[in-house]
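The values are calculated or read from the model by the stated rules, or taken from the named source; none is laboratory data. Everything quoted here is computed from the prediction, not taken from an experiment. Cβ placement follows ideal geometry from the backbone for every residue including glycine, while neighbour counts extend to all protein chains displayed. For the accessible areas, the whole protein counts, side chains as well, though only heavy atoms, and no ligand, DNA or RNA atoms are used. Shrake-Rupley method; radii C 1.70, N 1.55, O 1.52, S 1.80 Å.
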Amino acid sequence: MHTVLLLTGVPAQTLPARSMMAFTLASHIILVPLGVALPLITLIMHGYGLRRDDATALLLARRWSAVMAVQFAIGIVTGTVLSFEFGLLWPGMLGRWGDVFGIGFGVEAWAFFLEAVLIAIYLYGWRRLPSRTHFLLGLPLPLAGLLGAFGILAANSWMNTPQGFTLDSAGNPVDVKIWKAVFTPMFGPQFWHFVVAMLVTAGYVVAGVYAVGWLRGRRDRYHRLGFTIPFTLAAVFTPVQFVLGDSIARQVFHKQPVKFAAMEIVWKTDTHQPEYLFGRLHPNGSISGGIRIPQLDSILAGFRPDTKVTGLTSVSANDRPTATQATIAHWAFDTMVGIGSALVLLAFWYAALWLLRRRLPGSPWFFRCAAVAGLASVVAVECGWITTEVGRQPWIVYQNMRVAEAVTATRSSSLWIMFAVIVVVYLFVFGSFLVVLLKMRSHWRLADRTGGPPAPKEPPETDTPYGPRSAGSRL
C-alpha cells in the first residue's frame, strides 16, 4: 500500500517492494468502486423496473449484473495478489502486528466469500426465480460490499492510528482489544469518506458509458435510463463527499498533524499559515511554484487565521516524510480536491436543470463533462490513497514501526523480477477484462438491433425477464 518514491538510507529491497505494492494496489483499486457500489446501482435499477413494470430497466439491471460478475472475477485475481504481497513483502509487519492488524482482513475474507455466493445466486436467478424472490435475494449484495470495505478500512485506519493493544518488554503487542483495534480514531472518517467515494465513482463511471452513447446520437430510453439513475445517485452524493472530505482532512489535522503538514507542505509550526495550491517543497523548507493564498491553511484547519498548524520540523527528519514525499502527498491531495470541486459543480448543473425544468441538460458540453467524470473520479480515488499512504511515511504502523523495519530480506533483484512478472500478468488480466466487456457490448448491441435474442420454445413471462430459459439463451 505504498507509492513509489526515491528512497535513501533504507534497505535496497524497499524500493522494489513499495513499487510492486503500489502498482498492484493502484490496479486493484480501479475495480473497487464497481465491486462496492455497482450492486447497489443494479438493485436500484432492478427495483425501478419491477415497480414500474419497465422492461428496459430490467434489461439494464440484467446486463449490469453480468458486468458485476465479470468484475468480481477479475477482482479475485488482483485482490489475491495483494493478500500474498502483504506476507511476502512486509513480513516484519505481519510478524509483529498480525494479531492486531489481521482482524480487518479476517472480516474482509468473510465478506468476500459472502459476496461470491450472493453474486452467483443473483446472476443465476434471472429467468429462474420468481421476480420478487430474486430481487429480495439480491438485497444483501450491497451490504456484503460494505462489509468488505469495513474490513479493509479497519486495517488501514489502524495503520494510521494504531490502538487496542499493549506492548510487552520486547516491544510486541499483547492484550489485544478487538473493538478498540477496529474502531480507531480514524476509522469512522475514513470509512464513510471511502464508501461515499465508491458510490460517486461507480455512478459516474456507469453513467459515463451512456453519456458517450448520448453524444453519439443514441438518445433512446435505454440510454436515457442507463444514464439518469447512476448519474443521479452520484450527483446526490457528490456534495456529501465534499463535506466528508473536508471533515477527514480536519481529523488528520488533529490526529496526525505531521501527515497534515505533508499534505499542505507546511514546514514550520506557526499561525496564519498560507495555503499552497500545488507547489514544490524543497529540503531546506522553501516552496517553489504553485499559487499561494495567505492565511487560508489556518482558516481551513481551525476556521480562524490564528489557528496554529504543526509543521514538518516539529519532529526529527527521521520521523517525517521527506520533502519529495511531502510534495507527492500534497499534489495528490490538491488533485483530489480539485476533481471533487469540479464534480460538485457538475452535480449542481445537473440538479439545477432537473429541479427547474424536469429534464436532462441538453448541452453537449454537459454530456462531455459527464463522460469524463467517471475517469476523473477514479483518478481522485487513486490520489486519495496516495495521500493516505505517502503522508504517513516513514511509518508503516504510525509511530510504531517504520517501512524499512517491515520490508522483506529478499534480494532487490529478485523483487524487481517479480514486479516485472506481475506487470505482465496484470496486462493480460486487464486486457482480458476489456475484451470480455467489449464482446458483451457487441452482443448486446446486436440483440438490440435485431429486437433481442430469438424467442425460446418455452417463453418466459411476457412482462418481465423471469421464467425458465431455453437452451443456448444468454444474459
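Given their separation in residues at 0.36 nm each and the Cα-Cα distance between them, Ser83 and Ser363 gain 96.2 nm when the chain is fully extended. Computed with a 1.4 Å probe over protein heavy atoms only, the accessible area of Glu275 comes to about 10 Å². Can you match Cα extents along the principal axes in Å to one of these, (i) 75, 49, 40; (ii) 105, 53, 41; (iii) 86, 59, 39, based on a calculation from the structure here? Among (i) 75, 49, 40; (ii) 105, 53, 41; (iii) 86, 59, 39, the one calculated here is (i). Residue ranking by accessible heavy-atom surface, 1.4 Å probe, largest first, among His28, His46 comes out as His28, His46. Computed from the C-beta positions of Val379 and Ser169, the FRET efficiency with R₀ = 45 Å rounds to 0.45. Here Lys259 is the anchor, and the aspartates and glutamates within straight C-alpha reach of less than 18 Å, apart from those fewer than 8 places off in the same chain, are Asp246, Asp270, Glu275, Asp297, Asp319, Asp334, Glu382, Glu389.
Report, to the nearest whole %, how much of the accessible area of the chain belongs to carbon and sulfur atoms, 1.4 Å probe, protein only.
With neighbouring chains kept in place, the figure for the chain is 66 percent.
In the chain, taking the dipole from charged Cβ atoms about the Cα centre, the farthest positive-side position among Leu345, Phe105, Trp444 is held by Trp444.
Approximating the spin labels as points 7 Å out from Cα along Cα→Cβ, the Ala12-to-Ser286 distance works out to 3.5 nm. Against the main long axis of the alpha-carbon atoms of the chain, helix 14-52 sits at an angle near 30°.
A simple spin-label model places the labels of Thr228 and Arg304 5.0 nm from each other, with each point 7 Å out along Cα-to-Cβ. Among Ile74, Gly49, Phe135, whose Cα projects farthest towards the positive end of the dipole of the range 49-139, with charges put on the beta-carbon of Lys, Arg (+1) and Asp, Glu (-1)? The one lying farthest along the dipole's positive direction is Gly49.
Full extension from Phe113 to Ala352: what is 0.36 nm times the residue separation minus their Cα-Cα distance, to one decimal in nm? Mind dumping the intermediate values first?
Values: separation 239, 0.36 × 239 = 86.04 nm, distance 4.23 nm.
That pair, Phe113 and Ala352, stretches by 81.8 nm at full extension.
The figure for Phe113 is an accessible area of roughly 130 square angstrom, using a 1.4 Å probe on the protein chains alone.
For a test of the definition: using alpha carbon positions, the gyration tensor, and the 1.5 limit on a/c, classify the range 287-375 as rounded, prolate or oblate. Prolate, because a/c is 1.5 or more and a/b exceeds b/c.
Using a probe of 1.4 angstrom and keeping all protein chains present, the accessible surface of the chain works out to 46 square angstrom per residue.
Pairs exceeding a 22 Å alpha-carbon distance, out of Lys180/Lys268; Lys180/Lys255; Lys180/Lys308: Lys180/Lys268; Lys180/Lys308.
Applying 1/(1 + (r/R0)^6) with R0 = 30 Å to the Cβ-Cβ distance of Arg219 and Phe430, what FRET efficiency is obtained, to the nearest 0.05? Each step should come with its number before you reach the end.
Numbers: r = 31 Å, r/R0 = 1.04.
For Arg219 and Phe430, the calculated efficiency is 0.45.
Among the protein heavy atoms, those of Met418 account for about 70 Å² of accessible surface (1.4 Å probe, every chain in place).
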